[in-house]
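What follows draws every value from the coordinates through simple rules; no lab data is involved. All values derive from a computational prediction rather than experimental measurement. Here Cβ is always computed from backbone atoms with ideal geometry, including for glycine, and neighbour counts include all displayed protein chains.
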Amino acid sequence: MFEIIAAQTAKLVNYNPRAEKHGKVKRPAATMRVQVVMQARSLDMLEHGLYDSLYKQIENPDDMLATTTRRFSKMAPFAWAFEGKGYTATIDYGLGGDSDIELTECAVKSLKVTPEENDIVIYDFNINCTPDERESGILDHRIQEDIVIKLIAPPPNTVRELFGEDTEEQEEEDAA
């Protein structure tokens, strides 16, 4: 499951406030588009073995800085079919503690993955959230700037979620 457990610098690419209908009631909502650069090993949180399928060990002992390289140098960014609900996004406001923006019950979707050289990967994704007036104003003024973010997934509801053992067959059983 996609997460950013340790506070990470990211770019707030876009912030789009809007209203959502909850029955007949309209409530403030927003979509944040975020880009974050992480270690390529983090690909395994999406699918076990994804890192090894996209990166290979460098066989040149003279290159002391790099240890891996992309297997497919012409690979373009690709979408990853993922949508997660119940996330908590914490955005550092610079003073720490109570000043941080904590958005609960967020949805993470539209995940795009860009494998890069030097063992890094760029994640581009949307966070659908319900900020209050103060939070919305702060985020609106941070568009195209760096933010420090943590994105915590909700706890698993089933044993299959806990151990990542969902299969198509099990998903069909759950849908029935």
Under 10 Å, Cα contacts only: if you run a Gaussian network model on the chain, which one of G84, G97, G23 comes out with the highest mean-square fluctuation? G23
CD proxy at 222 nm, helix term only [per DSSP H run n ≥ 4: -39500 (n - 2.57); per residue of the chain; nearest 500]: -3500 deg cm²/dmol
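If the chain between A81 and T31 were fully stretched, how many nm would it gain, using 0.36 nm times the residue separation less the Cα-Cα distance? Before the final figure, lay out the partial values.
Working: separation 50, 0.36 × 50 = 18.00 nm, distance 1.80 nm.
In short, 16.2 nm is gained.
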Can you match Rg and Dmax of the Cα atoms in Å to one of these, (i) 16.5, 48; (ii) 18.4, 66; (iii) 18.9, 73, based on a calculation from the structure here? (ii)
Based on the Cβ-Cβ distance of D92 and D52, what FRET efficiency does E = 1/(1 + (r/R0)^6) give at R0 = 25 Å, to the nearest 0.05? 0.15
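List the GluC sites (Glu not before Pro) within segment 85-138 that DSSP assigns to loop and that have no more than 12 neighbouring Cβ atoms inside 10 Å. Kindly include the intermediate steps, with their values, before the conclusion.
Details: sites: E102, E105, E116, E117, E133, E135; in loops: E117.
Hits after loop and neighbour filter: E117.
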Counting only pairs 8 or more residues apart or on different chains, how many lysine pairs in the chain have their Cα atoms under 26 Å apart? 20
Calculate, for D44 and N14, the FRET efficiency according to 1/(1 + (r/R0)^6) with r their C-beta to C-beta distance and R0 25 Å; round to the nearest 0.05. 0.35
Coil-residue GluC sites (Glu not before Pro) of segment 1-91, DSSP, other Cβ within 10 Å capped at 16: E3, E47, E59, E83
Whole-number percent relative contact order across the chain, with pairs defined as alpha carbons under 8 Å at least 6 apart: 30 percent
Model label zone, H22; criterion: amide N under 18 Å from point 7 Å along Cα-to-beta-carbon; scope segment 72-92: 85-89
